[in-house]
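Novice: Pasting a structure below so you can have a look.
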Amino acid sequence: MKFKESKSIYLQIADRIMDEILHDTYKEEERIPSVREYAAMVEVNANTMMRTYDYLQGMEIIYNKRGIGYFVGEGAKDKILSSRKETFLNEELPEMFRTMRILGISGPEISALYKQFLKDNNK
């Protein structure tokens, strides 16, 4: 896995796991790879991977069955979508609006691009 400098590695891995849950690679109540297995997959040390699993467990996305492994929690998809929507609306969208203002991009320009995007992606 290629990592970006701008974000902690464990958070980038968490994003990847959440993407995999959203795409049904791992379904609710299904076991996910062990800390060591996943660490080997993304080529990080087990401590980094453990930090990722702790983070996801704190978000109630995954849970640990002692002696068995980690599993995707019930309602994980909804929690991921809710968290990402909140981040988008409260962090990313305001930043986009600031950039639009600086660049002089109007609402109608964005609306036209959005309509074209919907048209292109409904095929």
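Novice: Going by the conditions given, is ILE68 loosely packed, with under 13 Cβ neighbours inside 10 Å and among the β-branched types (Val, Ile, Thr)?
Specialist: Yes; evaluated as a whole, the condition is true for this residue.
Novice: Of the residues in region 1-45, how many are in contact with an Asp or Glu (Cβ under 7 Å, 6 or more places away or on another chain) and open to solvent by less than 40 Å² (accessible area, probe 1.4 Å)?
Specialist: 1
Novice: Could you tell me whether THR48 is surrounded by 13 or more Cβ atoms within 10 Å (Cβ to Cβ), over 15 Å from the mean Cα position of the chain (by Cα), within 22 Å of LYS4 (Cβ to Cβ) and in contact (Cβ under 8 Å) with a residue 24 or more places away in the chain? Before you say what the answer is, go through the steps one by one.
Specialist: Values: surrounded by 13 or more Cβ atoms within 10 Å (Cβ to Cβ): yes; over 15 Å from the mean Cα position of the chain (by Cα): yes; within 22 Å of LYS4 (Cβ to Cβ): yes; in contact (Cβ under 8 Å) with a residue 24 or more places away in the chain: yes.
Yes; evaluated as a whole, the condition is true for this residue.
The values are calculated or read from the model by the stated rules, or taken from the named source; none is laboratory data. Bear in mind that the values here come from a model prediction, so they are computed numbers and not experimental data. Quick reminder, even Gly has a Cβ in these numbers, built from the backbone with ideal geometry, and neighbours come from all protein chains shown. Surface accessibility is based on the protein's heavy atoms, side chains included, excluding ligands, DNA and RNA. Shrake-Rupley method; radii C 1.70, N 1.55, O 1.52, S 1.80 Å.
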